[in-house]
Amino acid sequence: MIFATGNEDKMKEIRMIMGEDHGKVLSMKEAGIQIDIEENGTTYEENALIKARAVAKRVHDLVLADDSGLEIDFLNGEPGVYSARYLGEDTSYRVKNAKLLKRLEGVSEEKRTARFVCAIGAVFPDGREVTVRAAVEGRIDYEEKGKNGFGYDPIFYVPELGKTTAEMTEEEKNSISHRGKALRMLKEELGKNL
Ligand code: IMP
């Protein structure tokens, strides 16, 4: 199967979680597919399916794609579905995280609630489509902490484990993360549908 993403950090998490139960998971690059896909959907599910369908048109394999984002309650769910594009696609996460921390300056702990959300879309070679969605609840910390992970991980604090997702080992993050949960849900769906 092919996972329609160009993000190597995500691929690493996906490979760890999917294992080889349903065959090897190839990235778009490994499958030799080079296309620019415009994510113009308004929901995570729509965007995941836009990516999966674009690749599925070119191959006869099962194609998966995810779309994810960080929702901050105090900012009415921002950056949400626009998380990758927040302040511009090429802006570093140092800058994006600093901006979000600034926008939450003076906001009390109980009002800093946030979640990472992940939807995964699967398009089967016969055209059937499945989507799953999962989330991990947490809050925005007061400063960046930790060097692991990527993106908004250094500012996303998970009370359950008492640390940010950037302070977690890969195993810890995968066990609680939005993507980890969604991938495990999808694995179950694939078991039923393949
Ligand atoms: P996507 O590649 O369109 O799904 O973009 C999702 C964006 O949400 C990423 O570029 C990150 O900014 C953010 N994001 C999603 N999942 C994570 C995560 O596990 N850690 C940190 N940031 C994440």
Those residues of segment 99-152 which are assigned to a loop (DSSP other than H, G, I, E, B) and either in contact with a Gly (Cβ under 6 Å, 6 or more places away or on another chain) or acidic (Asp, Glu) (or both), in sequence order: GLU105, ASP126, ASP141, GLU143, GLU144
Those residues of segment 166-183 which are part of a loop (DSSP other than H, G, I, E, B) and either in contact (Cβ under 8 Å) with a residue 24 or more places away in the chain or surrounded by 19 or more Cβ atoms within 10 Å (Cβ to Cβ) (or both), in sequence order: ALA166, GLU167, MET168, SER177
Whichever residue in segment 140-165 is away from the ligand (no atom under 12 Å from the Cβ) and over 20 Å from ARG94 (Cβ atoms) and, among such residues, is surrounded by the fewest Cβ atoms within 10 Å (Cβ to Cβ): GLY162
Residues located in segment 1-11, provided they are within 13 Å of the ligand (Cβ to nearest atom) and of a type outside the set (Val, Ile, Thr): PHE3, ALA4, GLY6, ASN7, GLU8, ASP9, LYS10, MET11
First in segment 1-24 and over 17 Å from CYS118 (Cα atoms) and basic (Lys, Arg), second anywhere and more than 16 Å from the ligand (Cβ to nearest atom) and not in a helix (DSSP H, G or I), Cβ under 8 Å, 6 or more apart: LYS24/MET1
Segment 12-42 - residue that is within 12 Å of the ligand (Cβ to nearest atom) and open to solvent by 30 Å² or more (accessible area, probe 1.4 Å) and, of those, farthest from ALA84 (Cα to Cα): LYS12
Residue ID - nearest to GLU188 (Cα to Cα), chosen from residues in segment 16-31 that are at pLDDT 90 or above and in contact with a strand residue (DSSP E or B) (Cβ under 9 Å, 6 or more places away or on another chain): VAL25
Unique residue being under 21 Å from HIS178 (Cβ atoms) and either more than 10 Å from the ligand (Cβ to nearest atom) or open to solvent by less than 40 Å² (accessible area, probe 1.4 Å) (or both) when the list is ALA122, ALA84, ALA56: ALA122
Yes/no for ASN76 being free of Cβ contacts under 8 Å to residues at least 12 places away in the same chain, more than 17 Å from VAL132 (Cα to Cα) and more than 18 Å from the chain's Cα centre (by Cα): yes
Test: ILE35 is over 19 Å from LEU183 (Cβ atoms), within 17 Å of the chain's Cα centre (by Cα) and of a type in the set (A, V, I, L, M, F, W, C): no
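The values are calculated or read from the model by the stated rules, or taken from the named source; none is laboratory data. All values derive from a computational prediction rather than experimental measurement. When we count neighbours, we look across all protein chains shown, and the Cβ atoms used for this are built from the backbone with ideal geometry, even at glycine. Each accessible area value is taken on the protein alone, full model and side chains, heavy atoms only, with ligands, DNA and RNA left out. Shrake-Rupley method; radii C 1.70, N 1.55, O 1.52, S 1.80 Å.
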